[in-house]
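Okay, structure first, notes after.
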Amino acid sequence: MANATDGNMGIDFHLPAELKQVVEQAAALRGQSLGDFAVSTLVENAQRIVNDHQVTKLTNRDRDIFLAMLDDKDSQPNDALLASVQSYKDWVKGGEH
């Protein structure tokens with residue numbers, strides 16, 4: 001594995017022989033070396049997990065309710081929303097960003 005002087009960090013782990021065989025087979029099916037397969041699979045899954053954590057998912061029902069609330073011309077902002085708007089305006093004026 002590459003050392004830290006070239007900007008890369010190494011990860012060292014051990015697998016039981018039967019799991020290593022499965023991973024080697026999967027790497028071969030993708031036409032990748034074991035190391036390349038391990039890195040690409042690890043990164044793909046890490047990115048998916050981070051994205052899943054950061055994305056808010058709505059059901060169709062929730063989406064419809066949300067859009068209906070946005071379209072409701074008679075709705076008025078509640079106290080919490082008004083306070084948030086004021087807080088944002090104060091923050092922008094204060095240059096605390």
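Brief remarks on what is shown
- Search result, residues across segment 3-24 that are surrounded by fewer than 10 Cβ atoms within 10 Å (Cβ to Cβ), assigned to a helix (DSSP H, G or I) and modelled with pLDDT of 95 or more: 17, 18
- Leading residue by the ranking (nearest to residue 81 (Cα to Cα)) among those in segment 31-71 that are of a type in the set (S, T, N, Q) and surrounded by 10 or more Cβ atoms within 10 Å (Cβ to Cβ): 47
- Of the residues making up segment 34-69, just one is under 22 Å from residue 10 (Cβ atoms), of a type in the set (D, E, K, R) and more than 16 Å from the chain's Cα centre (by Cα), namely 36.
The values are calculated or read from the model by the stated rules, or taken from the named source; none is laboratory data. This is a predicted model, so every value here is computed, not measured. Cβ coordinates were reconstructed from backbone atoms using ideal geometry, including for glycine residues, and neighbour counts include every protein chain displayed.
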